[in-house]
Amino acid sequence: MNFVGKRIGLAVMLAAMPSVALAQAPDCLPQPQAAALVTFALPTLVQKLGNRCSEVLAPNAYIVANAVDLADRYRPDSAAAWPQARRAIGVIFQKFLGQPMPPDMNSDAIRMLAEPALGGLLAKQINRDDCFIANEAIQGARAVSGTDLGRLAVLALTVAERKGKGLTEMLKICKLEPRGQ
């Protein structure tokens, strides 16, 4: 499959997931894989949040003023999270498309396409009305690594799931067992 074909295939897969997910009873994604997905998406997620929230927050708000620097800071954690995030994407691919993800979708080209797509998808889950809260949370977690921020975000998403939202309303995150996962 050529680069353009892979790009189109990934775009179709990501675009189809929310609508397909609504028609199926979701299984859960293990917390470590969900955390890897969030960590993997952090560079684009913070940049998109900075842009999105710039419409409602002051220019000196932490997320608005520091989005590019935060994205750069989280890139090494994002790269390290790719192997596990790729497995999580494979689980999602299998769940919603009913077939294994093709092995050639493990390339660096797919990685470069998946991170901005996933980061943008996650950023859209935060309403502009919640920008103040997101700004405070990111500012409060500024000393936390991208990996730990991904774990914290998944714990917060697990709580949100009790209110009927899954990971971008597509896939539930498995409940954290008392002994951990």
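What follows is calculated from the coordinates using simple rules that are stated; it is not laboratory data. Only a predicted model underlies this, so the values are computations on that prediction, with no experimental measurement involved. Don't worry about glycine lacking a Cβ; one is built from the backbone with ideal geometry, like all the others, and counts go over all protein chains shown.
Structure summary
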| item | result |
| --- | --- |
| Normalised alpha carbon radius of gyration of segment 56-118 [divisor 2.2 N^0.38 Å] | 1.46 |
| Reachable aspartates and glutamates from K175, criterion Cα separation under 20 angstrom, eight or more residues apart if same chain | D27, D148, E161 |
| Spatial separation of Cα centroids for segment 104-147 and segment 43-67, in angstrom | 12 Å |
| Whole-Hz couplings from phi, Karplus 6.51/-1.76/1.60, listed for segment 47-58; x for Gly and Pro | 5, 5, 5, x, 5, 4, 7, 5, 6, 10, 9, 5 |
| Segment 43-158 - convex hull of alpha carbons, volume per residue in Å³ | 106 Å³ |
| In nm, spacing of pseudo-spin labels at D69 and Q99 (7 Å Cα→C-beta vector) | 4.7 nm |
